[in-house]
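Asker: Structure in structure tokens, see below.
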Amino acid sequence: MSLSQRLWLRDPIAVLADGAERGLVVSDGVIVELVGRSGPQSAYDLVFDASRHVIIPGLVNAHHHFFQTLTRAHPRAINKKLFPWLQTLYPIWGRELNRGAFRLAVRVALAELLMSGCTTTTDHLFVFPADMPDAVDIEVEEARALGMRMALTRGAIDLGFEDGGIADRRLMQDHDTVLADCERVISLYHEPQAGSFTTVALAPCAPFNVTRRMMVETAALAAKHDCRLHTHLAETEDENDYCRQQFRCTPVEYLEDCGWLSNRTWLAHGVHFNEDEMRLLGGHGVSVCHCPTSNMLLASGMCRTVELEASGVSVGLGVDGSASNDSSNMMEAVRHAMLMGKLRYGADAVTHLDALRWGTRGSAECLGRKDIGTIAEGSQADLALFLLDDLRFSGAGDPLAALVLCGAHSADRVMVAGHWRVVDGQPVDFDLARLRSMHGEAAKTFL
Ligand code: ZN
């Protein structure tokens with residue numbers, strides 16, 4: 001089909017959108033009509049029989065670390081909480097990470113995400129070994145090969161062990177190198193218009209491993225180029241203790257002091273906020289990416305999703321690092337967010353629809369995008385189509401609830417900007433078996 005032809009995805013089992021009982025029509029990469037009970041109101045050229053599919057917006061992953069696919073279930077790191085986990089892994093990453101392994105790690109994470117129904121992702125990239133100053137460019141090449149959208153979060157660490165931080169010097173870059181490369185990648189890849197495939201956000205790793213100067217100057221640079229800001233915040237009590245000791249304030253007060261409280265900022269985790277801090281964040285239009293799987297694995301705590309939303313904070317979802325998850329499956333993150341929400345707030349307080357909203361529109365809001373994350377006329381044609389044929393769905397009544405409650409984890413088809421990027425559960429024109437073999441081999445050196 002040519003992109004300008006009008007394709008009717010006809011008669012799906014269900015669509016996560018009101019007024020689309022008989023599917024939707026896409027053309028030129030955009031959703032042009034939601035098809036109600038009386039059928040299409042405009043002409044169409046082609047039909048895709050969606051009668052075995054449940055259709056949701058392409059999932060949006062608002063926080064991740066692709067390189068960590070190389071250290072999943074690492075025998076020395078498992079069963080630790082965040083700081084000792086990081087202290088174990090940083091020297092391994094510092095010693096072993098190189099551009100060849102990094103490229104494979106990026107490819108694995110992207111493919112996993114795409115197959116789980118994710119069409120837009122970010123990667124909080126903060127490790128820059130000496131042989132990969134162009135790590136961001138590698139990510140762009142790999143995302144383009146799979147046809148995915150990416151918010152490139154250009155991260156940094158400029159505070160190592162010897163300065164009171166917990167990172168490995170071999171992964172760090174000096175301040176001037178970081179700022180110059182931020183300018184470079186913004187000029188190359190920051191495309192803020194609707195439908196864009198790459199945007200750039202500036203993303204110092206966390207208050208405990210970057211300098212205050214880095215925080216302040218990235219905020220100024222983001223304002224200058226109108227791009228977004230991202231960092232880890234309030235993930236653990238250890239981090240709060242560190243901020244109190246180092247800065248004599250809480251992580252949120254520190255952010256405010258660095259000029260980071262604005263509607264261009266989204267934060268990963270946001271577990272340990274008090275009521276005043278949540279109000280402050282909401283008042284400034286800050287968003288939070290909830291990372292339920294990682295928070296459970298590292299026992300970091302439970303993001304206060306319901307109170308954050310009530311305070312005016314947009315809540316999105318992220319799978320977080322492949323070594324603190326240890327998967328890159330967005331549908332799994334949706335399920336975990338729902339289960340964790342129910343455990344915290346009650347069975348009727350957080351629904352499958354809340355979790356799906358966080359993983360779609362909420363994450364899109366984190367990334368500052370209005371053109372993705374919803375099935376609506378004018379939105380990008382980014383869609384995830386799931387079958388309910390597996391045994392795990394047998395007997396299920398509500399099809400949208402079944403996706404989350406019965407544990408859907410792989411999409412049958414995924415469309416990005418009107419192009420099919422996954423067909424029959426596999427990325428199009430992509431050798432998964434070869435990638436599995438090469439990546440598995442590369443990861444052995446990290447053991
Ligand atoms: Zn993270």
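The values are calculated or read from the model by the stated rules, or taken from the named source; none is laboratory data. Computed from a predicted structure; not experimentally measured. Positions of Cβ are backbone-derived with ideal geometry, glycine not excepted, and every protein chain shown enters the neighbour counts.
Asker: How about region 25-52: which of its residues are closer than 28 Å to Gly362 by Cα and assigned to a strand (DSSP E or B)?
Answerer: Hits for region 25-52 are Val25, Val26, Ser27, Val30, Ile31, Val32, Glu33, Leu34.
Asker: So which helices (runs of 4 or more DSSP H) are wholly in region 340-447 and hold at least 3 residues that are in contact (Cβ under 8 Å) with a residue 24 or more places away in the chain and of a type in the set (A, V, I, L, M)?
Answerer: Here the list reads 352-357, 399-405, 432-443.
Asker: A further question on this structure: Are any of the residues in region 219-235 modelled with pLDDT of 90 or more, touching a strand residue (DSSP E or B) at 6+ places or on another chain (Cβ under 8 Å), within 13 Å of the ligand (Cβ to nearest atom) and of a type in the set (S, T, N, Q)?
Answerer: Checking region 219-235: at least one residue is modelled with pLDDT of 90 or more, touching a strand residue (DSSP E or B) at 6+ places or on another chain (Cβ under 8 Å), within 13 Å of the ligand (Cβ to nearest atom) and of a type in the set (S, T, N, Q).
Asker: Pick out the one residue from Thr88, Thr153 that is of a type in the set (Ser, Thr, Tyr) and in contact with a Leu (Cβ under 7 Å, 6 or more places away or on another chain).
Answerer: Exactly one residue qualifies, and that residue is Thr153.
Asker: Quick one: is Gly397 at pLDDT 95 or above and over 20 Å from the mean Cα position of the chain (by Cα)?
Answerer: Taking the combined requirement at face value, the residue satisfies it.
Asker: Out of all the residues in region 278-290, which are crowded, with 23+ Cβ neighbours inside 10 Å and away from the ligand (no atom under 16 Å from the Cβ)?
Answerer: Leu281, Val286
Asker: In region 313-327, what count of residues is obtained for those that are closer than 27 Å to Asn263 by Cα and either within 14 Å of the ligand (Cβ to nearest atom) or touching a His at 6+ places or on another chain (Cβ under 6 Å) (or both)?
Answerer: Count: 7.
Asker: Looking for something farther than 16 Å from Gly117 by Cβ, touching a strand residue (DSSP E or B) at 6+ places or on another chain (Cβ under 6 Å) and modelled with pLDDT of 95 or more - is there at least one such residue anywhere in region 412-428?
Answerer: Yes, because at least one residue in region 412-428 is farther than 16 Å from Gly117 by Cβ, touching a strand residue (DSSP E or B) at 6+ places or on another chain (Cβ under 6 Å) and modelled with pLDDT of 95 or more.
Asker: Output the number of residues of region 308-319 satisfying the condition of being at negative phi and touching a helix residue (DSSP H, G or I) at 6+ places or on another chain (Cβ under 6 Å).
Answerer: Number satisfying all stated conditions: 8.
Asker: Search region 212-238 for residues being more than 25 Å from Leu188 (Cα to Cα) and over 22 Å from the mean Cα position of the chain (by Cα), and hand back the single one that is surrounded by the most Cβ atoms within 10 Å (Cβ to Cβ).
Answerer: Step by step, filter region 212-238, then rank; the result is Asp238.
Asker: Which one of the conditions (1) within 28 Å of Trp85 (Cβ to Cβ); (2) in the same structural domain as Gly36 (by TED's automatic domain parsing); (3) of a type in the set (Asp, Glu) does Glu307 fail to meet, given that it meets all the rest?
Answerer: If we test Glu307 against (1) within 28 Å of Trp85 (Cβ to Cβ); (2) in the same structural domain as Gly36 (by TED's automatic domain parsing); (3) of a type in the set (Asp, Glu), just (2) comes out false.
Asker: Taking the conditions exactly as written (within 16 Å of the ligand (Cβ to nearest atom), of a type in the set (Val, Ile, Thr) and within 15 Å of the chain's Cα centre (by Cα)), does Val334 satisfy them or not?
Answerer: So Val334 fails the test.
Asker: Considering Ala50, Ala17, Ala43, Ala77, which residue is within 25 Å of Pro129 (Cα to Cα) and aliphatic (A, V, I, L, M)?
Answerer: It is Ala77.
Asker: Run down Ile55, Ile78, Ile92 and say which single residue is touching a residue at least 40 places away in the same chain (Cβ under 8 Å), not aromatic (Phe, Trp, Tyr) and not in a helix (DSSP H, G or I).
Answerer: None of the other options fit; the residue is Ile55.
Asker: State all residues of region 35-88 that are among the aliphatic types (A, V, I, L, M) and within 15 Å of the ligand (Cβ to nearest atom); if no residue qualifies, say none.
Answerer: Ala62, Ala77, Leu82, Leu86
Asker: Any chance you could count how many residues in region 238-269 are of a type in the set (Val, Ile, Thr), part of a helix (DSSP H, G or I) and either within 16 Å of the ligand (Cβ to nearest atom) or out of contact with any Phe, Trp or Tyr (no Cβ under 7 Å at 6 or more places or on another chain) (or both)?
Answerer: 0
Asker: Restricting region 156-184 to residues that are part of a helix (DSSP H, G or I), touching an Asp or Glu at 6+ places or on another chain (Cβ under 8 Å) and not aromatic (Phe, Trp, Tyr), which is modelled with the lowest pLDDT?
Answerer: Filtering first and then ranking leaves Arg169.
Asker: A further question follows. Looking at this structure, is Glu191 in a helix (DSSP H, G or I) and not β-branched (Val, Ile, Thr)?
Answerer: Here the answer is no, as Glu191 does not meet what is asked.
Asker: Where residues in region 291-312 are in contact with a strand residue (DSSP E or B) (Cβ under 8 Å, 6 or more places away or on another chain) and within 20 Å of Ser262 (Cβ to Cβ), which of them is farthest from the ligand (Cβ to nearest atom)?
Answerer: Once the filter is applied, the top-ranked residue is Glu309.
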